[in-house]
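Here's the structure we're looking at; comments come further down.
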Amino acid sequence: MIGYCELLLEDPSITDIYVRDLERIKSAGWQLLTALNTYLSDQADAARSFDAFKLQEDLRTPVDHIIGYSELLMEQAESQDCPEILQDLQRIHEAAGHWLQRMEAALLALGDPREPQGVAAIQRNDGGPGPPVSTKSSQPHENPAKTAPGRGEHILIAEDDPLNLDILRRRVERFGYSVTTTGDGGSAWLELQKGTYDLVLLDMMMPIMDGFELLQHLRNDPRLSLVPVLMISGVDQEDSIARCIEAGADDYLMKPVNPIFLRARIGACLERKRLRDLEQRTHAALLESQSYLAEELAEASRYVSCLLPKPLSHPDVAACWHFQSCSQIGGDGFGYRWIDRDHWAFFLFDVCGHGVGAAMLSISILNVLRTLSLPETDFKSPQSVLTGLNVAFPMEAHNEQYFTCWYGVYSPSTRQLRFGSAGHPPALCIEGGTCIPLRTQGPPIGAMDDARFREESRILTHNHPVITATTSTG
């Protein structure tokens, strides 16, 4: 890795655009070599106790840098059509991937008592291909810059290692996203409090507040609980990953971060957020629409209520009613009025179905009966009224809607009640403790052009008879 990097730096055709990242790769190579000498030199005691996490950090972090920056430069060389530079960069990248396999094979053995422990495991590695590991950087190279760009979402990256942070920032910006970076969990929490972010890339191990603790803060905050979180960890331990997923992380990536997986998982997290945001907007719009509709229905209900007659108290006739509204506006109506001094008419009707259409038809019917505006109709005759309504409101001319009706006329001087019904439930006459249904045969209004309606009459003999009639609530 160091050798090919130095060859590239010595090449006079290398432009300044490559030099900065090549120097970083070279520096990371020497950092790795120093760590190896520290742990694997003859003076090192293989049996001594050591901090396993420190060992992983010292050996993995430089490799993360080498792989990350070599991938960035490979994309640059590919886009500029520099095959010789690209070939050497690929050799650096492959060497780093091969070393990572060897190293992880040894580090994974640290937790298995059947395997050689600690530094001895690394010393005994024969250099052959290692087992499958968490990183996929050894996969065939694909330039993620050629994939579809982002949609401008704002992403917060929290990573304590400056070079890893730089690699991630440049990667994510190449995908087309806006990026803000922080170097520790505490700063990331403050940034989240004051900004609006579509996704958080969160390193597991950070000072002040680690990634798991910050994730818990996010999920416990009502305002930030739905912000997607993509965890990034250099610790290849299933329990740590499971712990983050259980705490609410949306996905995870292992270091060194593979750019193809990084792009795919960022895209997946943001797509889920877009769908969730769309669902919330749709829900809010639905609530607003329901509120508006409820107000419209309430206004319609108030208008219908204004058309209903006031309770009547007269020496010859007393009338009262109860109106019970429901969640839907309907096509029910009733009314009463004096036709002349000795004839008092009262009626009920019910338009089929519910909704605005039924309500509009009911208002038309109510206005016709209130104003006695049916042509060639004797409003003292229930039969004449039902026939006139059937002519005026054929269902084919009113959106295939029909209605039932009960109509009665009472004469106080003769105590005669004339009544007729068109498919409507009967009114009830209560006299002397006896309840008598008042009904005639007839089809609903508007259903048949040639419908025939009948009327009947009854003399009310008791001093205080009660006539009661109902229609469905609306």
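Observations on the model:
- FRET efficiency, 1/(1 + (r/R0)^6) with R0 22 Å, evaluated for Glu191 and Ala247 via beta carbons: 0.65
- Cα-based helix-to-principal-axis angle, 259-307 vs the chain, degrees rounded to 10: 20
- Taken over the chain, the ratio of Cα radius of gyration to 2.2 N^0.38 Å equals 1.86.
- Helices in the chain, meaning DSSP H runs of at least 4 residues, each add -39500 (n - 2.57). Divided by all residues, the mean residue ellipticity at 222 nm is -15500 deg cm²/dmol.
- Rounded to the nearest Hz, the phi-derived 3J(HN,Hα) couplings of the range 337-344 under the Karplus curve 6.51 cos²θ - 1.76 cosθ + 1.60 (θ = phi - 60°) are 6, 7, 7, 8, 5, 10, 9, 10, where x marks glycine and proline.
- Put simply, when 57-63, 279-285 are sorted by average Cβ atoms within 10 angstrom per residue, most first, you get 57-63, 279-285.
- √(5λ) per eigenvalue of the Cα gyration tensor, the range 247-396, largest first, Å: 62, 17, 9
- Extension gain for Thr434-Trp338 works out to 31.8 nm (0.36 nm per residue, less the C-alpha to C-alpha distance).
- Student exercise, the range 326-474 dipole from Lys, Arg, Asp, Glu Cβ charges, in Debye to nearest 20: 460
- Here the range 153-194 is assigned +1 on the Cβ of each Lys and Arg and -1 on the Cβ of each Asp and Glu. Its dipole about the Cα centre then comes out at about 200 debye.
- Relative to the longest principal axis of the Cα atoms of the chain, helix 211-220 runs at roughly 10 degrees.
- Relative contact order of the chain, defined on C-alpha pairs under 8 angstrom at six or more residues apart (%): 8
- Shape call, the range 198-335: gyration tensor on alpha carbons, a/c limit 1.5: prolate
- Against the chain, whose longest principal axis is taken from its Cα atoms, helix 185-194 shows a tilt of about 30°.
Each value in this text was obtained by applying a stated rule to the coordinates, not by laboratory testing. A quick note: this is a predicted structure, and the numbers were derived from the prediction, not measured. Methodologically, a virtual Cβ is constructed for each residue, glycine included, from the backbone with ideal geometry; neighbour enumeration extends over all protein chains shown.
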